[in-house]
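K.L.:
To start, I am sharing the structure in question, which I have written as structure tokens.
The values are calculated or read from the model by the stated rules, or taken from the named source; none is laboratory data. This structure is a prediction, so every number in the text was calculated from the model and none was measured. Ideal geometry is used to build each Cβ from the backbone, glycine not excepted, and the neighbour counts take in all protein chains shown. All accessible areas refer to the heavy atoms of the entire protein, side chains included, with ligands and DNA or RNA removed. Shrake-Rupley method; radii C 1.70, N 1.55, O 1.52, S 1.80 Å.
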Amino acid sequence: MAQTVVKIDSLVKRYKELIALDHFSLEIFEGEVFGLLGPNGSGKTTTINCLLSLLSFDKGEIEIFGQKMSPSNYDVKSKIGVIMQNVAVFDELTVYENIDYFCGLYVKDKALRKQYVDEAVKFVGLEEFTKFYPKKLSGGLLRRLNIACGIAHKPKLIILDEPTVAVDPQSRNKILEGIQQLNRQGATVIYTSHYMEEVEQICTRIAIMDKGKCIALGTKEELKKQMKNTETITVEIMDISDTQLDDVRRLTHVYEVTLEEGRLAVKYSGGKHNLLRLMTYLQEQDIRFGRVYSELPTLNDVFLEFTGKQLRD
Amino acid sequence: MFLHIFKYQILSSLRNKQTVFWRFIFPTVILATLFQVAFGSLFETTEKMQAIKVAVVCEQKNIFFDEVMKSVCEGDEPLFEIVTEDEEKAEKLLHDADIVGIIYCAKEPHLAVASEGTRQSIVKFFLDQYIINQQLVMDAAERDPSQLPALIDSMQNETNAVYTRSLGKGNNDAYIQYFYNLLAMQALFSYLSGLAIITNGQANLSEIGKRTNAAPVRKCLTALAGLSGELVLSFAGSVITVLYLVFVLKKDMGVSIPVMLLITLVGSMAGISIGFFFGGIGNAGYDKKNGILTAIIMALCFLSGLMIGNMRAVIEVKAPWFNRINPAALITDCFYSANTYGIGSRFYTDILTLVCITAILTAGGMILTRRQRYASL
């Protein structure tokens, strides 16, 4: 069994009346790309700041690499790389100098540092921009620089707090591929986002947060299995009577039927050949229809079912 | 680690246009040159002691008075310059303010002036003194002429008791204090550096602060390295200004260059520590704190006489304690005392007070930066 890298036990963080983290517990294992998924204000960044010992908390304990985390635990800190939500670089230093500066806070040996910085530049694909100042970089390139500053020292645990906000698709793909590559090289990754597609794409395990609580935890398959909804079939329909709608509701495994603006949405909880059964019924009843879609549940559906609201609400 | 942070602190500050402007260009090129243009020759033309222009109109012959007037109008630094002896012309000159007054030579000389002022007072004092002495001599001659030589001796001794004493080898140009204030302001504007250091070192004040706090580095080490780098740059700015004043503008500062550099070094330390300490209080952003601190520093400079020359003297009368703790006034007073009295107890008191202010504020800033975790970010 993989070793525990991060252990959060019953963490509570209050801002006066507001409870930002409500007995939040979590265990992250070595080699995982762990996704913290939740809407804005759900407590993702608060969790990260507590993990890094930047933020005080009211209750609970945090262990990283088997050691109690504290602001002066430099041994643990030296193994962590952090990429914050907002870009944190010096405007007056070039791309190369910025990476060198932050790497230098972790690596004292000059020759080794140079090697690490060169590798980080290559890793994020900024070879052509090493002498550029941050203000001359596009949003995507700036994000890549931000990542390079956080991972140049080859940390064993990398924490990325929404690193793809306001990033172009090309840079986003580059960043996501890079995170997977870092993971393949042995780093454990904690990735927070409110982009479910990203989390679905790269995370091996996911915790869904809402109002400072972990409301669901598991692999994406495990999370989807926890849902009532297993399939949604949408049919563009010309005309259907109330009686016929009731018939559809009575089909096997159907638990919800809605008709809005000519789109019939039929939700199923389990079962096989649901599409075939529905098509057969429509043909038997001579109901004319257009396009037909069959959709498996997404993490957004998972989130919707657990919280009753959309992920980006 | 220290040298790594120190190097990048200097590099980033040197490339910061705003810092370079306020540190090097504004005080040196703009203000110093402006002050030189405005005040450079003002002292020579208006304030330096020059012979007082008077007219002497003879109403009645007085050979004693003639002799005295002759003696005070001679020499390298004559007290009076007699412009005319014609009464009608004298009255016109007095009316046009081309002369200070008309001295009427008579048995008892008297004076006519058109206005009040220091120079008019000097002429009146001179005449009063002459009349008293003339009366003493005449009385003595009438009572006991044998005592005249002794009386004249005592009058000479009295005169010799009042002599010009140079307090230092400095420059007695009253406008030189504007240049002292300029150097004080430049030193204190180093607060910007202290503010930047604390902002970049605190997780609740900047994103760079978060990253720095997440790194395995002691906060006091990063702060000290940053402060050292900024002190080097601030001092370099002061060195440039001092050299510019002395060698380019040919300004006689009245204080030797090493002493000026010592004062500006200590002043820069005080300035940086002000920004470092006050920048660490509260969660307000850099821009807001910068605005508040700029206003405070400008107020301190104003109260030390940067805008109104005699303001420090006014404060000395109204609230002398404030001049003892106002860094701008202390820096200015360092220059002033070194120029006027030489390096002495007053100078050392000022310097030590500045060092104490620096030590207290830096220690306070360090305590603020040592905070382990933040309540909110």
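K.L.:
If A:Ile151 satisfies all but one of (1) modelled with pLDDT of 95 or more; (2) of a type in the set (Val, Ile, Thr); (3) touching a helix residue (DSSP H, G or I) at 6+ places or on another chain (Cβ under 8 Å), what's the number of the condition it fails?
P.N.:
Unmet condition: (1).
K.L.:
Which residue out of B:Ile197, B:Ile263, B:Ile292, B:Ile272 is among the aliphatic types (A, V, I, L, M) and surrounded by fewer than 24 Cβ atoms within 10 Å (Cβ to Cβ)?
P.N.:
The unique qualifying residue is B:Ile292.
K.L.:
So, one more: Looking at (1) out of contact with any helix residue (DSSP H, G or I) (no Cβ under 9 Å at 6 or more places or on another chain); (2) within 23 Å of A:Ala187 (Cα to Cα), can you tell me which one A:Ser53 breaks?
P.N.:
Among (1) out of contact with any helix residue (DSSP H, G or I) (no Cβ under 9 Å at 6 or more places or on another chain); (2) within 23 Å of A:Ala187 (Cα to Cα), the lone unmet condition for A:Ser53 is (1).
Residue-wise test of (1) surrounded by fewer than 20 Cβ atoms within 10 Å (Cβ to Cβ); (2) within 18 Å of B:Phe2 (Cβ to Cβ); (3) away from every other protein chain (no Cβ under 13 Å).
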residue: B:Gly201; (1), (2), (3): no, yes, no
residue: B:Leu205; (1), (2), (3): no, no, no
residue: B:Arg211; (1), (2), (3): no, no, no
residue: B:Ala214; (1), (2), (3): no, no, no
residue: B:Cys220; (1), (2), (3): yes, yes, no
residue: B:Leu227; (1), (2), (3): no, yes, yes
residue: B:Leu233; (1), (2), (3): no, yes, no
residue: B:Ala236; (1), (2), (3): yes, no, yes
residue: B:Val242; (1), (2), (3): no, no, yes
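K.L.:
Just to be sure, is B:Gln36 in contact with a Leu (Cβ under 8 Å, 6 or more places away or on another chain) and either assigned to a helix (DSSP H, G or I) or away from chain A (no Cβ under 14 Å) (or both)? Before you say what the answer is, go through the steps one by one.
P.N.:
Numbers: in contact with a Leu (Cβ under 8 Å, 6 or more places away or on another chain): yes; either assigned to a helix (DSSP H, G or I) or away from chain A (no Cβ under 14 Å) (or both): yes.
Yes, satisfied.
K.L.:
Out of all the residues in the stretch B:1-25, which are touching a helix residue (DSSP H, G or I) at 6+ places or on another chain (Cβ under 8 Å), in a helix (DSSP H, G or I) and open to solvent by less than 70 Å² (accessible area, probe 1.4 Å)?
P.N.:
Matches in the stretch B:1-25: B:His4, B:Ile5, B:Phe6, B:Tyr8, B:Gln9, B:Ile10, B:Leu11, B:Ser13, B:Thr19, B:Val20, B:Arg23, B:Phe24.
K.L.:
Same structure again: If B:Leu127 satisfies all but one of (1) modelled with pLDDT of 85 or more; (2) within 30 Å of B:Asn339 (Cβ to Cβ); (3) not acidic (Asp, Glu), what's the number of the condition it fails?
P.N.:
Checking B:Leu127 against (1) modelled with pLDDT of 85 or more; (2) within 30 Å of B:Asn339 (Cβ to Cβ); (3) not acidic (Asp, Glu), the one that fails is (2).
K.L.:
In the stretch A:218-234, what residues are assigned to a loop (DSSP other than H, G, I, E, B) and at pLDDT below 90?
P.N.:
Of everything in the stretch A:218-234, those that are assigned to a loop (DSSP other than H, G, I, E, B) and at pLDDT below 90 turn out to be A:Gln226, A:Met227, A:Lys228, A:Asn229, A:Thr230.
K.L.:
Further question on the same structure: Any residue that is open to solvent by 40 Å² or more (accessible area, probe 1.4 Å), among the polar types (S, T, N, Q) and out of contact with any helix residue (DSSP H, G or I) (no Cβ under 9 Å at 6 or more places or on another chain) - is there at least one of those in the stretch A:164-178?
P.N.:
Looking through the stretch A:164-178, at least one residue is open to solvent by 40 Å² or more (accessible area, probe 1.4 Å), among the polar types (S, T, N, Q) and out of contact with any helix residue (DSSP H, G or I) (no Cβ under 9 Å at 6 or more places or on another chain).
K.L.:
Now a separate question. Tell me the residue from B:Lys124, B:Lys61, B:Lys89 that is loosely packed, with under 13 Cβ neighbours inside 10 Å, touching a residue at least 12 places away in the same chain (Cβ under 8 Å) and farther than 30 Å from B:Ile176 by Cβ, please.
P.N.:
B:Lys61
K.L.:
Is there a residue being under 19 Å from the mean Cα position of the chain (by Cα), on the phi > 0 side of the Ramachandran plot and open to solvent by 60 Å² or more (accessible area, probe 1.4 Å) anywhere in the stretch B:245-260?
P.N.:
Yes, the stretch B:245-260 contains a residue that is under 19 Å from the mean Cα position of the chain (by Cα), on the phi > 0 side of the Ramachandran plot and open to solvent by 60 Å² or more (accessible area, probe 1.4 Å).
K.L.:
Any residue that is aromatic (Phe, Trp, Tyr) and surrounded by 19 or more Cβ atoms within 10 Å (Cβ to Cβ) - is there at least one of those in the stretch B:318-340?
P.N.:
Yes, because at least one residue in the stretch B:318-340 is aromatic (Phe, Trp, Tyr) and surrounded by 19 or more Cβ atoms within 10 Å (Cβ to Cβ).
K.L.:
Could I ask something else about it? Of all the residues that make up the stretch A:106-121, how many are at the interface with chain B (Cβ under 7 Å from one of its Cβ atoms) and under 16 Å from B:Phe6 (Cβ atoms)?
P.N.:
Total meeting the criteria: 1.
K.L.:
With the requirement that a residue be in contact with a Leu (Cβ under 6 Å, 6 or more places away or on another chain) and farther than 17 Å from B:Ala375 by Cβ, what does the stretch B:198-235 give you?
P.N.:
B:Thr199, B:Ala214, B:Ala215, B:Val217, B:Phe235
K.L.:
Can you tell me which residues in the stretch A:235-248 are buried (at least 17 other Cβ atoms within 10 Å of the Cβ) and either in a strand (DSSP E or B) or small (Gly, Ala, Ser) (or both)?
P.N.:
Initial filter on the stretch A:235-248 (buried (at least 17 other Cβ atoms within 10 Å of the Cβ)): A:235, A:237, A:240, A:248.
Of everything in the stretch A:235-248, those that are buried (at least 17 other Cβ atoms within 10 Å of the Cβ) and either in a strand (DSSP E or B) or small (Gly, Ala, Ser) (or both) turn out to be A:Val235, A:Ile237.
K.L.:
Sort out which residues of the stretch A:192-212 are open to solvent by less than 30 Å² (accessible area, probe 1.4 Å) and polar (S, T, N, Q), and write them in order of number.
P.N.:
A:Thr192, A:Ser193
K.L.:
I'd like the full set of residues that are closer than 21 Å to A:Glu198 by Cβ, within 14 Å of chain B (Cβ to nearest Cβ) and aliphatic (A, V, I, L, M), limited to the stretch A:122-176.
P.N.:
A:Leu142, A:Leu145, A:Ile147, A:Ala148, A:Ile151, A:Leu157, A:Ile158, A:Ile159, A:Leu160, A:Val165
K.L.:
Do we have any residue at all in the stretch A:109-119 that's at pLDDT below 95 and touching a Pro at 6+ places or on another chain (Cβ under 8 Å)?
P.N.:
no
K.L.:
Would you point out the residue of the stretch A:292-309, among those that are assigned to a helix (DSSP H, G or I) and among the acidic types (Asp, Glu), that is nearest to A:Tyr281 (Cα to Cα)?
P.N.:
Just the residues of the stretch A:292-309 that are assigned to a helix (DSSP H, G or I), to begin with: A:299-307.
Next, only the ones that are among the acidic types (Asp, Glu) stay: A:301, A:305.
Working: A:Asp301: 27, A:Glu305: 28 Å.
Taking the candidates together, the pick is A:Asp301.
K.L.:
Please go through the stretch A:214-223 and give me each residue that is touching a residue at least 60 places away in the same chain (Cβ under 8 Å) and surrounded by fewer than 18 Cβ atoms within 10 Å (Cβ to Cβ), ordered by number.
P.N.:
Taking the stretch A:214-223 and keeping what is touching a residue at least 60 places away in the same chain (Cβ under 8 Å), we get A:214-217, A:220, A:223.
Residues satisfying the conditions are A:Ile215, A:Leu217.
K.L.:
Counting only residues that are assigned to a loop (DSSP other than H, G, I, E, B) and in contact with a helix residue (DSSP H, G or I) (Cβ under 9 Å, 6 or more places away or on another chain), how many does the stretch A:249-289 have? Can you show your working first?
P.N.:
Narrowing the stretch A:249-289 to residues assigned to a loop (DSSP other than H, G, I, E, B): A:250-253, A:261-262, A:269-273, A:285-288.
Right, trim to in contact with a helix residue (DSSP H, G or I) (Cβ under 9 Å, 6 or more places away or on another chain) and you get A:251-253, A:271, A:285, A:287-288.
Adding up the residues that qualify gives 7.
K.L.:
Just to confirm my filter: which strands (runs of 3 or more DSSP E) fall fully inside the stretch B:46-129 and include at least 1 residues that are of a type in the set (S, T, N, Q)?
P.N.:
B:80-84
K.L.:
Kindly list, by first and then second residue, each pair from a residue in the stretch A:4-24 that is under 12 Å from A:Ser56 (Cα atoms) to a residue that is open to solvent by less than 40 Å² (accessible area, probe 1.4 Å) and among the aromatic types (Phe, Trp, Tyr), limited to pairs with Cβ atoms under 9 Å and residues at least 6 apart or on different chains.
P.N.:
A:Leu11/A:Phe24; A:Val12/A:Phe24; A:Lys13/A:Phe24
K.L.:
Would you mind telling me which numbered condition in (1) within 24 Å of A:Glu119 (Cβ to Cβ); (2) modelled with pLDDT under 95 A:Thr94 fails?
P.N.:
(2)
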